[in-house]
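Notes for the one structure printed next.
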Amino acid sequence: MKPGNKRLVAPLLLILIVGSGVPSLAAEKSENKIYCEPTPDQSVLYFIRPADMMGFARTLFIYADDQLLGTLDNNSYTCVRLDPGRYLLWPKQGDSVLNLEAGPGQVYYFEATFGIGFSWLPESEREASLQEVKFYATATDKELAKAAEHVAKRLPKVQKLAQERAVNREKRLQTWPAVDLSSYSTLYIDDFQITDRKALKPKNVEAARSATERMAALVKGELDSGPFAAVHQGAAGEQPEASLLLKVEVVKFRPGKLGGAPPPQPGFSITVSMEMATLRFGFKVELVDATSGEVLAAFADERGPGMPYNIERNVPLDLVSYLRASTGAG
């Protein structure tokens, strides 16, 4: 083993040891896959947990406010229908706290990781991720009984954490320029452009591209239910009137601890999770009138190790809050 790799092995072994105990609960799994179709008055949420070494013998619980949405074992998925409205999504294990504005007829896809929580899946990965997992999971009676205990103990802490993050986000956004976007009804999210030469090196480029794809997917997922009438992701051709283009240039990307971890055992993958994938992230933003080409706002920012929660969720949600505030939607 090369000396430079020693510090990477210890954290990985710790993750495997902590997460590999015999579980006290296990979701009920079936190889007969079930798919949820959206209805005009409900939305659908998919949570997909790939075959992964991290916590592979432990069950992941996922909630919306005080409602158990599902439980996931390794290599499984679940889906659930929700009425339209605003929900606080959170896992029993991990600190992924996400406000979802569920819209009627919409379908949302999340990748779930034990000890971390969940992250938005890019549109290009959704179908493949769903087909790769082997089982459809449903909660057992024992898990349903355990859910009430989880909600009583953890929900107040989750709500407090969400409020603290909202306050911190408001402070950060005060440093970004004010702009009036109330006249725009359509948003195009351009593919994030990576210009950092170090990020484009072979050892970093996969992590950098995966990170930026997930960040763009999170922006789109959050804005699908408003305030824009339509949101599109990826390079756009001819845009209609009243269209806004969001352009993000990644000028600094530094991967986190597991970027050089040893290869996993056969049959398993190591999810380079959102918390571990990015250590430092510098970016430039332009908001452009898609018809005239006028730059409406331009600014630069950077996130580093001192941030209170992970960078790849932090930056997209900052952008979402900024766009909502700039359209008058708050």
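Considering only residues that are among the aromatic types (Phe, Trp, Tyr) and under 20 Å from the mean Cα position of the chain (by Cα), look in the range 163-195 and name the one that is farthest from Asp95 (Cα to Cα).
Applying the first criterion (among the aromatic types (Phe, Trp, Tyr)) to the range 163-195 yields 176, 184, 188, 192.
Okay, now just the ones that are also under 20 Å from the mean Cα position of the chain (by Cα), so 188, 192.
On the way: Tyr188: 30, Phe192: 26 Å.
The selected residue is Tyr188.
Taking the range 82-129 as the region of interest, how many residues are under 11 Å from the mean Cα position of the chain (by Cα), on the phi > 0 side of the Ramachandran plot and surrounded by fewer than 23 Cβ atoms within 10 Å (Cβ to Cβ)?
0
Checking Glu164 against (1) more than 24 Å from Asp65 (Cβ to Cβ); (2) out of contact with any strand residue (DSSP E or B) (no Cβ under 9 Å at 6 or more places or on another chain), which test does it fail?
Single failed check for Glu164: (1).
Please go through the range 44-68 and give me each residue that is at pLDDT 90 or above, among the aliphatic types (A, V, I, L, M) and either buried (at least 21 other Cβ atoms within 10 Å of the Cβ) or in contact with an Asp or Glu (Cβ under 6 Å, 6 or more places away or on another chain) (or both), ordered by number.
The first filter runs over the range 44-68 and keeps only residues at pLDDT 90 or above, leaving 44-49, 61-68.
Now narrow it down to the ones that are among the aliphatic types (A, V, I, L, M): 44-45, 48, 62, 64, 68.
Across the range 44-68, the qualifying residues are Leu45, Ile48, Ile62.
The values are calculated or read from the model by the stated rules, or taken from the named source; none is laboratory data. Bear in mind that the values here come from a model prediction, so they are computed numbers and not experimental data. Note: ideal-geometry Cβ built from the backbone for every residue, glycine included; neighbour counts use all protein chains shown.
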